[in-house]
Amino acid sequence: MNIQNIGVIGSGQMGGGIAQVFAAKGFHVSVLDINDEAVAKGKIQVEKNLARDVERGRLTAEGLKETMARISWSSEYSIFSGSDLVIEAATEDEDIKKSILRELCSVLPDHTLIASNTSSISITRLAAQTDRPGKFCGMHFMNPVPRMQLVELIRGIATDETTYQIVRELTDKLNKTAVNAEDFPAFIVNRILLPMINEAVYTLYEGVGSVSAIDTAMKLGTNHPMGPLELADFIGLDTCLAVMHVLHEGLADTKYRPCPLLVKYVEAGWLGRKTKRGFYDYSTNEPVPTR
């Protein structure tokens, strides 16, 4: 199957990044979001990201124009009527994803494949909401998509081998590295990463160290480029909590219980960088720890 036209559902941090990398490789990309305001915001952010690449010498001004010209934007599902593959990159909420997938199928040609960028939710359950579970798989990009090399590929129980191989070859065309992950809660990366972040929040909650002490210790003590609390803010605390809920409920093990402090931050609307406040306050040029 010759994949030429890519659909992306969601124009936020992940969806916009996915659209950008496909368009940069010459694919025609159609992006959908919930309303015109969200679509406009997503388009502006992708153009800003590309402009930053121009400033840093990674892209020419002409390359920016060509990449943006390959991306179409809409708030109507009909934009996917000519897509060969549609990648769902909506918020990490199973009910929302299922609703989107049910609506999506009604506009797709029979040949179209569907992938989900979910970072934790069962591919088998999501595929069951569609009219083509054999043509459905997980395609989990890392954040930020243009910079990160890895893509986790996940088969659901019904995923056809042909579907998996097509998506794997497509990943190669993006010059990214695919790893196979089985359809267990949170797959590989987040199965390991999110419990570490959750434990860092427990370390803060129990007063073992401050935000600054925990992040400095992990950066210098384990040579991580970013401390776990800083990373949580970058990912989004709501996303971190959602993944921990999936792990806790899916594996029924108390070691995955979300830290109460993480729950409180999300309840307060302190979701990290995207809300300007999380474990750090981002309202000034220099992030300031909030605890």
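Out of curiosity, is Ile96 surrounded by 17 or more Cβ atoms within 10 Å (Cβ to Cβ) and either outside the structural domain of Val243 (by TED's automatic domain parsing) or acidic (Asp, Glu) (or both)? Considered against the rule, which asks whether it is surrounded by 17 or more Cβ atoms within 10 Å (Cβ to Cβ) and either outside the structural domain of Val243 (by TED's automatic domain parsing) or acidic (Asp, Glu) (or both), Ile96 comes out as no.
Selection of the stretch 203-250 for residues being of a type in the set (S, T, N, Q), under 29 Å from Phe184 (Cβ atoms) and surrounded by fewer than 22 Cβ atoms within 10 Å (Cβ to Cβ) yields Thr203, Thr222, Asn223. Of everything listed in (1) more than 20 Å from Glu94 (Cα to Cα); (2) β-branched (Val, Ile, Thr); (3) at pLDDT below 95, the single unmet condition for Val201 is (3).
Comparison of Arg273, Arg257 shows that the only residue that is closer than 13 Å to Met196 by Cα, assigned by TED's automatic domain parsing to the domain that holds Ile197 and either surrounded by fewer than 20 Cβ atoms within 10 Å (Cβ to Cβ) or over 24 Å from the mean Cα position of the chain (by Cα) (or both) is Arg257.
Of the residues making up the stretch 276-291, those that are of a type in the set (Phe, Trp, Tyr) and more than 21 Å from the chain's Cα centre (by Cα) number 2. Scanning the stretch 1-21 for residues that are more than 20 Å from Glu76 (Cβ to Cβ) and either among the hydrophobic types (A, V, I, L, M, F, W, C) or assigned to a helix (DSSP H, G or I) (or both) yields Met1, Ile3, Gln13, Met14, Gly17, Gln20, Val21. Picking from residues in the stretch 56-74 that are over 16 Å from Ser106 (Cβ atoms) and of a type in the set (Gly, Ala, Ser), the one that is nearest to the chain's Cα centre (by Cα) is Ser72.
Quickly run through the stretch 24-51 and pick out the residues that are part of a helix (DSSP H, G or I), of a type in the set (Gly, Ala, Ser) and in contact with a Ser or Thr (Cβ under 7 Å, 6 or more places away or on another chain). Write out each step before concluding.
First, pick out the residues of the stretch 24-51 that are part of a helix (DSSP H, G or I): 24, 36-51.
Checking which are of a type in the set (Gly, Ala, Ser) leaves us with 24, 38, 40, 42, 51.
If the condition is that a residue be part of a helix (DSSP H, G or I), of a type in the set (Gly, Ala, Ser) and in contact with a Ser or Thr (Cβ under 7 Å, 6 or more places away or on another chain), then Ala24, Ala38, Gly42 are the ones that fit.
In the stretch 1-25, the qualifying residues are those that are over 17 Å from the mean Cα position of the chain (by Cα) and not β-branched (Val, Ile, Thr), and the one that is surrounded by the most Cβ atoms within 10 Å (Cβ to Cβ) is Ala23. Residues in the stretch 101-138 that are part of a helix (DSSP H, G or I), β-branched (Val, Ile, Thr) and surrounded by fewer than 22 Cβ atoms within 10 Å (Cβ to Cβ): Thr124 alone. Of the residues in the stretch 26-37, how many are farther than 15 Å from Arg70 by Cβ and surrounded by fewer than 17 Cβ atoms within 10 Å (Cβ to Cβ)? Residues flagged as farther than 15 Å from Arg70 by Cβ and surrounded by fewer than 17 Cβ atoms within 10 Å (Cβ to Cβ) within the stretch 26-37 amount to 4.
The values are calculated or read from the model by the stated rules, or taken from the named source; none is laboratory data. Keep in mind it's a predicted model, so treat the numbers as computed, not measured. Positions of Cβ are generated from backbone atoms using ideal geometry, with glycine treated the same way; all protein chains shown enter the neighbour counts.
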